[in-house]
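Remarks on the structure that follows.
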Amino acid sequence: MHFVAGFRCNRTAGGNCRLPGTAPTALEHREMKMHAGMSRAFGPLLLLQLGVIAWAPSHLLTWSYAVVLAMLTLTVLACWRRLRFSVRHNRPLWSLLLLALIAQGGAFGLLFTDSLSNPLGTLVAFDPTLYFCLSSLLLTIAAAYNPIATLYRWASIVDSLLACAIAALFYYTLHGVLNAASPQPPPATFVMWMFDAMGLFVAVFATLRLVSTKRSDERRFFFVLTVFGWLDAVLPGIHNRFILSSESYLPELLLGLPFVVLGFLLGRRRKVWFRNYRPSRRIRYVAESISPFVMSLALCCLAFAQLGKNPFLATATLVLAITSYAARNAIVLGQHLAFEDDLRQLKRGLQQAIVRDELSSLLNRRGFYQRLSREWENALKTGRSLSVAMIDIDSFKAFNDTYGHLAGDDCLAAVAHALQREASQQPDVIVARYGGEEFVALMSGYDVDASGDILQRLRRRVEAMQIQHARSTQHVVTISAGLASTTTTPYPDSDKFLNAADEALYVAKRSGRNRIQWAE
């Protein structure tokens, strides 16, 4: 009998390399025509296989396997062409699919060779099973591989190790059953259920990956993988049950159908399935959380199957399943903690950027108003004195016209640095850039005399820098300021308080500049 021919695992397809809206090149036109030609070739091959089954020659299985190999060869060529035109980061996915199809070709090649000497079919379970397990391994790795994020690459390594362990233990279990003296349950039924479980495992794993994929180019791949995975889980199961209960060779048609579907999907290179689908955050979290659990659970189930036969192997496998699951979670958790730290730093940076002036590194107007609001509320509650000064660089427009705007920026930065250095020597004194060449100083807890003294020191500090200004009456850069204090006038709100200092500044400007003026 030809039993193992139906025991296969999934394959994959997908990918695209074209940007939307761009016209195909002449080379791509030729490739598309070749894809279309290969897709049309599957129809005659299916008819040929149906004709072989109807004709029923003496080497029917040989002819049937030859047709399946022809279908598989066309699919391999289509996959190789698809690999050439895929985007760079998706090429590992298509490469894994190509290798899986080649492994399938090796298994069917052995079945074809066996049918030459056993025209009625035989259970050749050793070498074909090895190739089918290898194909399952490659397809599982393809479903687990994430080509984008570094985090998922490390997680993919752990998943790949799990897939290798699953495939190795799966093959070891089959090998032990098929070589046992009195296997219980019967080998054919047990092998059938084992391969059904493997096909279902790959199909479920591919489905989880499809529903969590955001990128359209990856969705093409995982859509084809999912469709083909379910076909390859269902059709071989139907085929195997028919050949166990019937002498008909009609189920042999099911062997080539997965390759036909795969070849058709590979030919739809520019098709975007589920174009408007965008997985929600909850779906992505659930799918990405279940995927490693499914792999660990599959390995645990295989380990339980070995408990009565090889306790040491079963124990080691269980330890591997638990350890790998914990290691993967540790990788994800560690990376998420690092992401949270980066986000917190980014948040702090954005908060600083919102309230800080980039040129002077002082508080900007927004930051000053936030500080003024807090200090004003505190002054109302405690009765603490509060002084504010509006500061302006004298004849700054003339400075820009004379020396240029780059020199003007340097002048602003130098004045801001001087004001900040002087203000930092006094507690509860802040300086901010109000806008343009205007600055503002806020002094909390100082009376009239102390506030005026601090402001005079700020003025002298700027004058002492001796920044040349040919069009100024002092021939150096100077500042003028208007000062207001709550100890002299009970202002009703902070806006009136600030306006009083601003009006005093204009008085200082009209009075000759490089001076301080108290608000009346």
Determine whether the range 463-476 contains at least one residue that is surrounded by 14 or more Cβ atoms within 10 Å (Cβ to Cβ), touching a residue at least 24 places away in the same chain (Cβ under 8 Å) and either of a type in the set (S, T, N, Q) or within 20 Å of Gly383 (Cα to Cα) (or both).
yes
When the residues of the range 275-289 are filtered to those that are surrounded by 15 or more Cβ atoms within 10 Å (Cβ to Cβ) and of a type in the set (A, V, I, L, M, F, W, C), which remaining residue is farthest from Ala70 (Cα to Cα)?
Val286
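Any residue at all in the range 266-282 that's within 29 Å of the chain's Cα centre (by Cα), more than 17 Å from Arg82 (Cα to Cα) and either in contact (Cβ under 8 Å) with a residue 60 or more places away in the chain or not assigned by TED's automatic domain parsing to the domain that holds Val332 (or both)?
At the first step, the residues of the range 266-282 found to be within 29 Å of the chain's Cα centre (by Cα) are 266-282.
Right, trim to more than 17 Å from Arg82 (Cα to Cα) and you get 274-282.
Filter again for either in contact (Cβ under 8 Å) with a residue 60 or more places away in the chain or not assigned by TED's automatic domain parsing to the domain that holds Val332 (or both), leaving 278-279.
Scanning the range 266-282 turns up at least one residue that is within 29 Å of the chain's Cα centre (by Cα), more than 17 Å from Arg82 (Cα to Cα) and either in contact (Cβ under 8 Å) with a residue 60 or more places away in the chain or not assigned by TED's automatic domain parsing to the domain that holds Val332 (or both).
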Please enumerate the residues belonging to the range 425-454 that are closer than 18 Å to Phe497 by Cβ and in a helix (DSSP H, G or I).
Val448, Ala450, Ser451, Gly452, Ile454
Determine, yes or no, whether Glu340 is in the same structural domain as Trp154 (by TED's automatic domain parsing), over 30 Å from Asp409 (Cβ atoms) and at pLDDT below 80.
no
If you check Leu380 against the conditions, is it among the hydrophobic types (A, V, I, L, M, F, W, C), under 30 Å from Thr486 (Cβ atoms) and under 39 Å from the mean Cα position of the chain (by Cα)?
no
First in the range 162-185 and hydroxyl-bearing (Ser, Thr, Tyr), second anywhere and at pLDDT below 75 and not in a helix (DSSP H, G or I), Cβ under 8 Å, 6 or more apart:
none
From the list Ser360, Ser324, Ser387, pick out the single residue that is in a helix (DSSP H, G or I), of a type in the set (S, T, N, Q) and surrounded by 11 or more Cβ atoms within 10 Å (Cβ to Cβ).
Ser324
Is it true that Leu47 is farther than 21 Å from Pro251 by Cβ, at pLDDT below 90, within 47 Å of the chain's Cα centre (by Cα) and among the hydrophobic types (A, V, I, L, M, F, W, C)?
no
Looking at Ile238, Ile243, which is the one that is over 30 Å from Arg91 (Cα atoms) and either at pLDDT 85 or above or not assigned by TED's automatic domain parsing to the domain that holds Gly263 (or both)?
Ile238
Hey, among Arg278, Arg269, Arg348, Arg366, which residue is at pLDDT 80 or above and in a loop (DSSP other than H, G, I, E, B)?
Arg278
List every residue pair whose Cβ atoms lie under 9 Å apart, where the two residues are 6 or more positions apart in sequence or sit on different chains, the first residue falls within the range 77-91 and is in the same structural domain as Phe221 (by TED's automatic domain parsing), and the second residue, located anywhere, is β-branched (Val, Ile, Thr).
Cys79/Thr12; His89/Ile148
Among residues of the range 302-312, those that are in a helix (DSSP H, G or I) and without any contact (Cβ under 8 Å) to a residue 60 or more places away in the chain, counted:
3
Could you check Ala501 against (1) closer than 28 Å to Thr382 by Cα; (2) without any contact (Cβ under 8 Å) to a residue 60 or more places away in the chain; (3) surrounded by 20 or more Cβ atoms within 10 Å (Cβ to Cβ) and say which number it fails?
(2)
Give the range 412-422 a look and list any residue that's within 14 Å of Leu442 (Cα to Cα) and in contact with a helix residue (DSSP H, G or I) (Cβ under 7 Å, 6 or more places away or on another chain), or say none.
Leu419, Glu422
Any idea which residue in the range 391-444 is surrounded by the fewest Cβ atoms within 10 Å (Cβ to Cβ), counting only those that are in contact with a strand residue (DSSP E or B) (Cβ under 9 Å, 6 or more places away or on another chain), among the small types (Gly, Ala, Ser) and in contact (Cβ under 8 Å) with a residue 60 or more places away in the chain?
Ser444
Residues to consider are Val261, Val272; find the one that is of a type in the set (Val, Ile, Thr) and either buried (at least 18 other Cβ atoms within 10 Å of the Cβ) or out of contact with any Lys or Arg (no Cβ under 9 Å at 6 or more places or on another chain) (or both).
Val261
Tally up the residues in the range 331-377 that are more than 18 Å from the chain's Cα centre (by Cα) and not basic (Lys, Arg), please.
26
Look at Gly408 and say whether it is on the phi > 0 side of the Ramachandran plot and within 54 Å of the chain's Cα centre (by Cα).
no
Residues being in a helix (DSSP H, G or I), of a type outside the set (Gly, Ala, Ser) and out of contact with any Leu (no Cβ under 7 Å at 6 or more places or on another chain) - total across the range 390-424
14
Residue hits (the range 237-254; assigned to a helix (DSSP H, G or I) and either touching a Pro at 6+ places or on another chain (Cβ under 8 Å) or small (Gly, Ala, Ser) (or both)) are Gly237, Ile238, His239, Phe242, Ile243, Ser245, Leu254
Being buried (at least 24 other Cβ atoms within 10 Å of the Cβ), part of a helix (DSSP H, G or I) and in the same structural domain as Val52 (by TED's automatic domain parsing) narrows it down to one of Val224, Val204, Val294, so name that one.
Val224
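The values are calculated or read from the model by the stated rules, or taken from the named source; none is laboratory data. Computed from a prediction, not measured in an experiment: that's the story for all the values here. Note: ideal-geometry Cβ built from the backbone for every residue, glycine included; neighbour counts use all protein chains shown.
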